[in-house]
Each structure stands twice: as C-alpha cells, then as structure tokens.
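The values are calculated or read from the model by the stated rules, or taken from the named source; none is laboratory data. Just so we're clear, the structure is a prediction, and the values are computed from it rather than from any experiment. Every residue, glycine among them, receives a Cβ derived from its backbone with ideal geometry; neighbour counts consider all protein chains shown. Side chains are part of the model used for accessible areas, which takes the heavy atoms of the whole protein and leaves out ligands, DNA and RNA. Shrake-Rupley method; radii C 1.70, N 1.55, O 1.52, S 1.80 Å.
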Amino acid sequence: MWRGLWTLAARAARGPHRLCRRQGSGAPAPSSGATIFALSSGQGRCGIAVIRTSGPASGHALRILTAPRDLPAARKASLRLLSDPRSGEPLDRALVLWFPGPRSFTGEDCVEFHVHGGPAVVSGVLQALGSVPGLRPAEAGEFTRRAFAHGKLNLTEVEGLADLIHAETEAQRRQALRQLDGELGHLCRSWARNLTKALAHVEAYIDFGEDDNLEEGVLEQADIQVRELEVALGAHLRDARRGQRLRSGAHVVVTGPPNAGKSSLVNLLSRKPVSIVSPEPGTTRDVLETPVDLAGFPVLLSDTAGLREGAGPVEQEGVRRARESRSFLDTVVATVGAQSPSESSQRLVLVLNKSDLLPPEGPGPGPDLPPNLLLSCLTGEGLHSLLEALRKELAAVCGDPSTGSPLLTRARHQHHLKGCLDALGHYKQSKDLALAAEALRVARGHLTCLTGGGGTEEILDIIFRDFCVGK
C-alpha cells in the first residue's frame, strides 16, 4: 500500500502546474549557444580588472589569446602573455583561470582574465575577445541568468545576489547574504515537500479509500500538515513588509517647532550639509529628503518646516507638507528644545536638542514624556545614544537580518505566499476530495514559482534587468 502511496507522491511532485512554467532547472538561457564576455570588475583605473567569458567557445578563446599554450589546470591561476589574435601584438601579462563546466558559476565553460586595470589594457583585451568567432558582448545580468538556467542558483538566490550587489548598508548586506545562501529557498522547498506529502495522502485516499490495507488517519495527517503550514505562512505574511523596507529603505521624518535644531540634526545624521541652518525661524520651507545609512539601515531622511502658524503663504504650505509627510512615514524623530520639552501622544523618538544650553542641574521638572534623549547638535554629545535608539526603532520597522526567519524582500514573495495560503483555505473548505487535491496542487505550485520562476519571460526580465553587465 505504501509503495502506491509514495508512487502517488512522486507523481504529484512531477506533475505540471498551471500557475507557472519552471524556469530554473532545464530552461536554456537566451542565446545559450553563444559565448559571452564582459568586464566584471568596476570601471576606471584600478590595479586589477577581471574580464570573464562563459560558453562553449571559452576554451578556444583562451587558447587563441595565449597561443600556442595549452589550457591551464582547472581552477588554478596561471600567468600567461595575452596577445591580439589578429596582429599578434602583446596586450598584457595576466593571470588566467579556466573553469570547465559544469563546475563553474554559470554551469558552462568559463574563463577569467585578471589583467592590469588600465583603460587601454581592458579595451585591448575586450576588442581581442570580440574578434574571436562565436563570442559576443554579454548583456546585463546574462552570466547570472545562465547560472539560473543551468540550476546553479534558484530565483530567490538570484534575487539575493542582486540585492548583495546593490547593498549600501550593513543590514542590507546581511539580509542579502542570507538570501543568497538559500535560506528562503530552503524554507520554501521544505514547505513544498510537506505539501507533496499531504497531497499524496489525499490522492491515496481517493485511489485506495475502499482498501482495507490503507492506514487509518490518512486524511487527518494531511489536515495536520496543512494547519502547520498555514501557521508558518501566516507568521511570514504578518511581517508588515519589513523585508521590503529593509531592501528599499525606511522613511524617517524629522519634525518639531521652529528653531529646535531639525536641520542641524538632519545634517548631523547625514554627515553632509543637506539643509540650511539659520537662527531665523522658518528657514526650511519645504520637505527636504536625503538617503542615508542610519545605524546600519537604509533610510530616506526628511527635514520639514517648523510646525507653527506660518508667517506667510509659502511657510504655511511648508507646514502643511510637513504634517502631510508624517502620514507616510515609518518613524518620527521629534526635535524640541531641551529647555522646554512638550508632550506628544504619537509613537516617536523624542530628541531634546541644545543640551549644551541646559543649566548644570538639567532640564528640571516637566510633563510625562515618551522615551527621549538629550542631544547637542553643536557638540555632538548624545549622538551615540540617539543612533542606538534609532537602530532599535529601525530594526522593529525593517526587521533584524541577523536573527529569525528569512525576510520577504519583494512583493513577488508576498504574492506567492498569499496565493499558497488562499489555496490552503480552499482545501479546508472543499467537500470534494478531488477539489481538495487540486487546491493542494495550486498551493504547492505557488511555492515552486517562488523559487523557480514566475511563468513569463517578462517577470524574469524584471528580476535580471537590475544586474550590471559582467554579472
């Protein structure tokens, strides 16, 4: 009986799904017959520049540029003289590495040329490669797309690699590395395996329900697995889009009365003169925004007009925009003078600026306040405590990439997990076992799409278009 049950499980795992076409295991990359080449390191003068190729003619290109030498040992650096195959003119003395497929980044034959980083050297080697028959310049993200097509990376790992390349803060780097290491993919595959078992149990009951040899409680086991998965999916979907904020940046607004030091604080946090600082009230008339790395998190920091009844129409419009900006923020930094703090009922980080003007005994008695920090933008005293408070706030808003379950960093992740959860709801409501089994197939298909592709070339193009040429 159990042999038949696991046969059904295998059949369920192999079966096609209507929601997506699997892109990650056997689908060829665009123009996969061609061999591509590109500069993979940064532009401009540098000590070493890395030029790479991928495709069936990689070994031929290496021989031509280093003729008449044989291919070097696989995955070991070798010093070679590179020459132009058309003129025989020496181009550079470089380290070359030969990566025969499938043990390479793309799964194809690959070569890396580590040349001196002068523009003339790089240009000469690229032109020499372009003269080799069968080679063409790579398109943006084409190396990674070939790695995906040959099963070297799944789609969530590709997204993690893209995020790692674009990471600008410590928190973004940590999150990208976790995704590149496959944590989200492993989790989704584990869920998909559990769904496959549940589907096998349901199909076994459909096919062998009248068989006395069928173990009791088969459907109950499927129900238990579905309930456990519902709990796990619900926990991830209730993350308030923290992973997406971590990837794109949280919005932090600095607000408060005129002359409280808001512009000084924005300049201090961004480490550059973003806003004009003046003792005259109402200097800031609009919302000024700047991206910053704040305590390791990506932040769009906004300086706003002082909250008061403006003296003129321009300042009044600035105050209106300041109040409006607070409707779309993630965190408020309210800055007031330490000499006369005021109450606030909004959840925020309250900063009492100008602490250098306080008397030695401190600010004196005042109303009950939310957690606040004394700061002097003039001397910088108290800045460390403020950054620590902001780090805790931003970790709550963006999630802590160092701990806990993998974060969902893209709307695509949310879409497929929500689709999976909805399908599990249809399973629980189905009175017909055939419809219940189909709901499990739909649920599992969403998990497969999350790691294996979205079903259309357009979706893959969106994912790969942010890669640079050479990656």
Note to self: I need a count of the residues in segment 431-457 that are over 19 Å from the mean Cα position of the chain (by Cα) and modelled with pLDDT under 70.
What the structure shows: 3
Check: Which ones in segment 387-409 are open to solvent by less than 30 Å² (accessible area, probe 1.4 Å) and either without any contact (Cβ under 8 Å) to a residue 40 or more places away in the chain or not aliphatic (A, V, I, L, M) (or both)?
Finding: C398, G399, P401, P406, T409
Checklist line | Count of residues meeting criterion [free of Cβ contacts under 8 Å to residues at least 24 places away in the same chain and either open to solvent by less than 50 Å² (accessible area, probe 1.4 Å) or closer than 26 Å to V469 by Cα (or both)] in segment 65-78 | finding: 2
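Does segment 207-226 contain any residue that is within 19 Å of L450 (Cα to Cα) and either open to solvent by 20 Å² or more (accessible area, probe 1.4 Å) or among the hydrophobic types (A, V, I, L, M, F, W, C) (or both)? Outline the logic, then answer.
Pass one, segment 207-226, residues within 19 Å of L450 (Cα to Cα): 226.
Now restrict to residues that are either open to solvent by 20 Å² or more (accessible area, probe 1.4 Å) or among the hydrophobic types (A, V, I, L, M, F, W, C) (or both): 226.
There is at least one residue in segment 207-226 that is within 19 Å of L450 (Cα to Cα) and either open to solvent by 20 Å² or more (accessible area, probe 1.4 Å) or among the hydrophobic types (A, V, I, L, M, F, W, C) (or both).
Scan segment 296-310 and tell me whether some residue there is modelled with pLDDT of 65 or more, assigned to a helix (DSSP H, G or I) and either buried (at least 19 other Cβ atoms within 10 Å of the Cβ) or hydrophobic (A, V, I, L, M, F, W, C) (or both).
Step one: list which residues in segment 296-310 are modelled with pLDDT of 65 or more, which gives 296-304.
Among the residues that remain, those that are also assigned to a helix (DSSP H, G or I) are: none.
Scanning segment 296-310, I find no residue that is modelled with pLDDT of 65 or more, assigned to a helix (DSSP H, G or I) and either buried (at least 19 other Cβ atoms within 10 Å of the Cβ) or hydrophobic (A, V, I, L, M, F, W, C) (or both), so the answer is no.
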Check: Which pairs do you get when a residue that is closer than 18 Å to Q429 by Cα and charged (D, E, K, R), found in segment 224-247, comes within reach of a residue that is part of a helix (DSSP H, G or I) and open to solvent by 40 Å² or more (accessible area, probe 1.4 Å), reach meaning Cβ atoms under 7 angstrom, with the pair 6+ apart or on two chains?
Finding: E230/L421
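Let's see how each residue does on (1) surrounded by 23 or more Cβ atoms within 10 Å (Cβ to Cβ); (2) in contact with a helix residue (DSSP H, G or I) (Cβ under 7 Å, 6 or more places away or on another chain):
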position	(1), (2)
R80	no, no
P85	no, yes
G88	no, no
R93	no, no
S104	yes, no
G117	no, no
P133	no, no
A138	yes, no
F148	yes, yes
Check: For segment 374-400, which residues satisfy the criterion of being in contact with an Asp or Glu (Cβ under 9 Å, 6 or more places away or on another chain) and closer than 20 Å to A250 by Cβ?
Finding: E393, L394, V397, C398, G399
Notebook entry, point to check: Checking E230 against (1) out of contact with any Gly (no Cβ under 9 Å at 6 or more places or on another chain); (2) over 25 Å from G141 (Cβ atoms); (3) in a helix (DSSP H, G or I); (4) not small (G, A, S), which single condition isn't satisfied?
Noted result: (1)
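Sort out which residues of segment 83-117 are among the aliphatic types (A, V, I, L, M), within 38 Å of the chain's Cα centre (by Cα) and farther than 29 Å from N154 by Cβ, and write them in order of number.
We begin by selecting, within segment 83-117, every residue among the aliphatic types (A, V, I, L, M); these are 91, 94-97, 111, 115.
Checking the rest, the ones that are also within 38 Å of the chain's Cα centre (by Cα) come to 94-97, 111, 115.
Scanning segment 83-117 gives A94, L95, V96, V115.
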Item checked: Subset of segment 155-185 (residues that are open to solvent by 20 Å² or more (accessible area, probe 1.4 Å) and assigned to a loop (DSSP other than H, G, I, E, B)) -> A167, E168, D181
Notebook entry, point to check: Looking at L229, L237, which is the one that is in contact with a Lys or Arg (Cβ under 9 Å, 6 or more places away or on another chain), at pLDDT 85 or above and not hydroxyl-bearing (S, T, Y)?
Noted result: L237
Item checked: Boolean, L62 is part of a helix (DSSP H, G or I), surrounded by 12 or more Cβ atoms within 10 Å (Cβ to Cβ) and touching a strand residue (DSSP E or B) at 6+ places or on another chain (Cβ under 6 Å) -> yes
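Just name the residue that is nearest to T169 (Cα to Cα) out of those in segment 261-295 that are part of a loop (DSSP other than H, G, I, E, B) and at pLDDT 75 or above.
A295
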